[in-house]
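Notes follow once the structure below has been shown.
All of the numbers you see were taken from the coordinates with simple rules; none came from a lab. Everything quoted here is computed from the prediction, not taken from an experiment. Ideal geometry is used to build each Cβ from the backbone, glycine not excepted, and the neighbour counts take in all protein chains shown.
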Amino acid sequence: MKPHMHPKSGMTEKMHLIEGSFKLIFFDDNGESIEIFNIEKPGQRIQVPALTWHTYIMTSKSTIIFETMMGVYDPKTWKKLQIGLLMRIVMQQMNILEI
């Protein structure tokens, strides 16, 4: 998943692990990782607050996640990406995968 944020208050994302495992990573506005969650147990859930830069990386061969989001879907405003931030985050993710 490309690093992104949901740019409106109330756009809370909930992720439910069905099978496999993944890392959820929160970033600050400069692309520095500020929190990493290892989601490894089926049934485990985690919430991503609105206005939070984040991404997730699958850490098992097969992963199934059920995602929900509050709000009305509009593809023009649903996600915010920033190219410079994306490049810094991708470089950090390469190191995070080794953790």
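Quick rundown of the values:
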read-out: Subset of Lys8/Lys61; Lys8/Lys41; Lys41/Lys61; Lys41/Lys80 violating a 26 Å alpha-carbon distance limit; value: Lys8/Lys61; Lys8/Lys41; Lys41/Lys80
read-out: Extension reserve of the Asn38-Trp78 stretch, reckoned as 0.36 nm per residue once the Cα distance is removed; value: 11.9 nm
read-out: Relative exposure of Val72, Val48, judged by other C-beta atoms within 10 Å (fewest first); value: Val72, Val48
read-out: Sorted by Cβ density within 10 Å, fewest first, the residues Trp78, Trp53; value: Trp78, Trp53
read-out: Peptides 25-34, 38-47 ordered by average Cβ neighbours within 10 Å, highest first; value: 25-34, 38-47
